[in-house]
1. Of the residues LYS168, LYS154, LYS163, LYS173, which is farther than 30 Å from GLU38 by Cα and open to solvent by 40 Å² or more (accessible area, probe 1.4 Å)?
2. Is it the case that some residue within the stretch 136-145 is free of Cβ contacts under 8 Å to residues at least 12 places away in the same chain, open to solvent by less than 80 Å² (accessible area, probe 1.4 Å), out of contact with any helix residue (DSSP H, G or I) (no Cβ under 7 Å at 6 or more places or on another chain) and on the phi < 0 side of the Ramachandran plot?
3. Only residues in the stretch 19-30 that are at positive phi count as the first member; pair them with residues that are open to solvent by 70 Å² or more (accessible area, probe 1.4 Å) and in a loop (DSSP other than H, G, I, E, B), Cβ under 8 angstrom, at least 6 apart or cross-chain, and list the lot.
4. List, please: which pairs have Cβ atoms under 7 Å, are six or more places apart or on different chains, and start with a residue in the stretch 92-105 that is among the β-branched types (Val, Ile, Thr) and end with one that is open to solvent by less than 50 Å² (accessible area, probe 1.4 Å) and in a loop (DSSP other than H, G, I, E, B)?
5. Taking the condition buried (at least 18 other Cβ atoms within 10 Å of the Cβ) and touching a residue at least 60 places away in the same chain (Cβ under 8 Å), does MET66 pass?
6. Could you check, for the stretch 98-114, whether at least one of its residues is touching a helix residue (DSSP H, G or I) at 6+ places or on another chain (Cβ under 7 Å), open to solvent by 60 Å² or more (accessible area, probe 1.4 Å), part of a loop (DSSP other than H, G, I, E, B) and not aromatic (Phe, Trp, Tyr)?
7. Of the conditions (1) open to solvent by less than 30 Å² (accessible area, probe 1.4 Å); (2) farther than 21 Å from GLY128 by Cβ; (3) among the β-branched types (Val, Ile, Thr), VAL41 fails just one. Which one is it?
8. Across the stretch 79-94, what is the number of residues that are out of contact with any Lys or Arg (no Cβ under 9 Å at 6 or more places or on another chain) and either β-branched (Val, Ile, Thr) or open to solvent by 60 Å² or more (accessible area, probe 1.4 Å) (or both)?
Amino acid sequence: MTLLDWFEKGASAQDYIESMEVNKETLLHIYNHYIPSEDAVQKMERLQGKGMKAVVLTADWCGDAMVNVPIFLKLAQTALMDVRFLIRDENLELMDQYLTNGRARSIPIIVFFDREGKEAGKWGPRAGEIEALVTEWKKQLPDPATDAYKEAFKTELIPKTRKLFQQKETWDKIEADLLQTMSQL
């Protein structure tokens, strides 16, 4: 299948959000409170009329998607970019073409392409600064091969990252990272 085929298979932003059973309220909160910077608006306006499209591999349970998707959507709307959403586990053939570090099915993954379906860029699953911070936090957890790790991941890391994901400073870092990719389209 081509990227245009995957795009046609995908759900609109509205349909994806309406179908969400997890993290919907937080995603909408971020969407309704994140305001793109003037720099972001200018860079996205330059994409208007270029016919760029994007497919987002995601899932409603994913905390990274909860924060990245609404920020990306605001930028894409400013760029007049048509976006479709595909659920990761229902679209492994595409997902496996965009593995993180060649092995992980990390999401969200945003694949950008032109009118003809030629890939123009890829972003995800996290902004570099956020990834570095979360990686540091993970190093403070018990050995990953233990049950203590699983417990600490649930009770320490997830709440800490959820709090991080709801801060404007985090949104600004995500915006900057997305702009690095999107301004090159």
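The values are calculated or read from the model by the stated rules, or taken from the named source; none is laboratory data. The shown structure was predicted, so the numbers you read here are calculated from the model rather than taken from an experiment. Counting neighbours? That spans all protein chains shown, and the Cβs are built from the backbone with ideal geometry, glycine included. In case anyone asks, the SASA skips ligands and DNA or RNA and just uses the protein heavy atoms, side chains included. Shrake-Rupley method; radii C 1.70, N 1.55, O 1.52, S 1.80 Å.
1. LYS154
2. no
3. Taking only residues 6 or more apart or on different chains, the pairs are ASN23/TRP61.
4. Here the result reads THR100/SER106; THR100/PRO125, each pair linking the stretch 92-105 to a residue that is open to solvent by less than 50 Å² (accessible area, probe 1.4 Å) and in a loop (DSSP other than H, G, I, E, B).
5. In short, yes.
6. Yes, because at least one residue in the stretch 98-114 is touching a helix residue (DSSP H, G or I) at 6+ places or on another chain (Cβ under 7 Å), open to solvent by 60 Å² or more (accessible area, probe 1.4 Å), part of a loop (DSSP other than H, G, I, E, B) and not aromatic (Phe, Trp, Tyr).
7. So VAL41 meets the others, but not (1).
8. 3
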